[in-house]
Amino acid sequence: MTAKRILLIIGGGIAAYKSIELVRLLRKSGHVVRCVLTRAGEQFVTPLTLAALSENKVYTSLFDLKDEVEMGHIQLSREADLVVVAPATADLMAKMAGGIADDLATTLLLATDKPVLAAPAMNVRMWLHPATQRNVSTLRGDGVTVMQPDEGEMACGEYGPGRLPEPEAIHAAIVEALSSPLPLAGGAGGGPVAGEAEVDMPSPNPSRKREGDFRGQPDFAPTNHRPLHGRRILITAGPTHEPIDPVRYIANRSSGKQGFAIAAAAAEAGAEVLLIAGPVPLPTPPGVVRVDVETAREMAEEVAGGLPADAAIMVAAVADWRAADTRAQKIKKDGSGAVPPLALAENPDILASVAKSPDRPPLLVGFAAETNDVIAHAEAKLARKGCDWIVANDVSADPMGGETNRVHIISKAGVESWDRLPKGAVARKLMEKIADDLDLRSPLDSD
Ligand code: CTP
């Protein structure tokens, strides 16, 4: 890549120190870096350090008249190829979203006609606050690329999303932004301008670990083909584990691969994706919010809390039964050869309950892994569960856990059979079909 000019705006926050490493990485890859420090940023890093590393003058004040002669703020904001805000604090993003220009950094951001990339960093509560999420949505709607903050332990001792992404990740996002034609901030480049519908999601169990942020656009957009932009999609995946005692559980062979591939394809297609996953050791696809659950009842709870959505795709192989009575201590052999009784209780049918709920998504899709009479069983399931489509796959020849699937889509309209395809291809094809179907419906209302 040829050398580019980066205007790096450093907001105030404990993570500002990481901007020093970012400058070093950018210089190492041959780019020209000009730094602008906000007043708060100056509390964490010094202009001297940044000047030494960037080998360039560091700007701090709007009222530096000498600079207005040498280089006006308009020129400073426009001579860059990319404007990067790191760390982008809650306050800085609020000002950006509101068009406030009360210091050098915010004036440059308002005056620029260049792409803007923001790497947020703040306390988890501040990040999750509806005001910040609203600002993030506004900024994304204005064409600003807002990275997803990292999740982890924060300087303040809390845990969750809000950490500044690592300098290497910001550097990678910069390289990507410089190599792909980004929408211009301020509407100058015809980027996405539509605001997003915001829906208050009911609160699921807060103790369950959430990865990412279901609200707002996924940050990653590997393709410009985003037919599911503005849609919310809820997906269940993987098996459930139903404990018998602290060391044993009832499970099944679901690998979660198809469900995770569907979540990845939905995010790629621009949807906001909530993935409720049973225990599987799979990485979270980029741009997807994931909630890990163990049992069917936990999954049912998170699904209910995750609605409303434009579509729900229930790929999980939910255990039909659980141990009627989970023992608090490990069941021991008593030496007599007697087998302990294992009474079972039926689990809730999540798909069927969603179908009956007032929050039933406009498009409800079930999956069915069958070993025989695939179509007939799937047709019966479609009617029994009350969903719109059943995606049936024959697992007699290719047991669960493989890399491909041969599926049949069963709906009231009939049966559509697809060739055997890799699970990723099944997922993308399914997303196209879902996008076509949702195009016939209006997005969820915003309140
Ligand atoms: N499903 C669910 N909750 C359950 C069982 C199944 O939500 N307790 C969903 C699955 O996620 C899938 C669909 O229902 O989308 C069909 O699952 P399957 O296990 O094939 O259905 P069952 O009703 O369990 O039928 P079977 O007797 O074939 O196991």
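The values are calculated or read from the model by the stated rules, or taken from the named source; none is laboratory data. Remember, predicted model here, so these are calculated numbers, not experimental data. Positions of Cβ are generated from backbone atoms using ideal geometry, with glycine treated the same way; all protein chains shown enter the neighbour counts. Note: accessible area is taken over every heavy atom of the protein model, side chains too, but ligands, DNA and RNA are not part of it. Shrake-Rupley method; radii C 1.70, N 1.55, O 1.52, S 1.80 Å.
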Legend entry - Area accessible to solvent at residue 357, 1.4 Å probe radius, in Å²: 30
Inset, instruction - Among DSSP beta bridges lying fully in the chain, give the percent that are antiparallel, nearest 5. - result: 35
Legend entry - Accessible surface of the chain [probe 1.4 Å, protein heavy atoms]: carbon and sulfur percent: 54
Legend entry - Accessible area in the full protein assembly, largest first, 1.4 Å probe, for 44, 260: 44, 260
Inset, instruction - Determine the principal axes of the Cα atoms in the chain, then give the extent along each, sorted from largest to smallest and rounded to whole angstroms. - result: 88, 55, 40
Inset, instruction - Pull up the cross-link candidates among the lysines for residue 385, meaning alpha carbon to alpha carbon under 30 Å and not fewer than 8 places away within one chain. - result: 209, 257, 356, 412, 423, 429, 433
Inset, instruction - Compute the Cα gyration tensor for the range 70-173, then decide on rounded, prolate or oblate, letting a ≥ b ≥ c be the square roots of its eigenvalues: rounded whenever a/c is under 1.5, prolate when a/b is larger than b/c in the other cases, and oblate in all that remain. - result: prolate
Inset, instruction - For the range 15-29, take each phi angle, set θ = phi - 60°, evaluate the Karplus expression 6.51 cos²θ - 1.76 cosθ + 1.60, and give the result in whole Hz per residue in order, putting x for glycine and proline. - result: 6, 4, 4, 5, 5, 5, 5, 4, 4, 4, 5, 5, 5, 4, 8
Legend entry - lysines whose Cα lies under 20 Å from that of residue 4, excluding same-chain neighbours fewer than 8 positions away: 28, 57, 114
Inset, instruction - Could you check what % of the DSSP bridge pairs in the range 5-179 are antiparallel, to the nearest 5? - result: 20
Inset, instruction - Round to the nearest 0.05 the FRET efficiency obtained for residue 425 and residue 320 when R0 = 35 Å and r is the Cβ-Cβ distance. - result: 0.75
Inset, instruction - Jot down the per residue volume, in cubic angstrom and as a whole number, of the convex hull over the alpha-carbon atoms of the range 5-179. - result: 99
Legend entry - Dimensionless Rg ratio for the range 318-436, taking C-alpha atoms and the 2.2 N^0.38 Å reference: 1.39
Legend entry - Amide hydrogen neighbours beyond the local backbone of residue 321, cut-off 5 Å, H modeled: 347
Inset, instruction - Search the structure for amide H atoms under 5 Å from the amide H of residue 344, placed 1.01 Å from N in the peptide plane, and list their residues when 5 or more places away or on another chain. - result: 324
Inset, instruction - Could you do me a favour and compute the accessible area per residue for the chain, 1.4 Å probe, result in Å²? - result: 46
Inset, instruction - Would you kindly state how much longer the chain becomes between residue 439 and residue 415 on full extension, computed as 0.36 nm times their sequence separation minus their alpha carbon distance, in nm to one decimal? - result: 6.5 nm
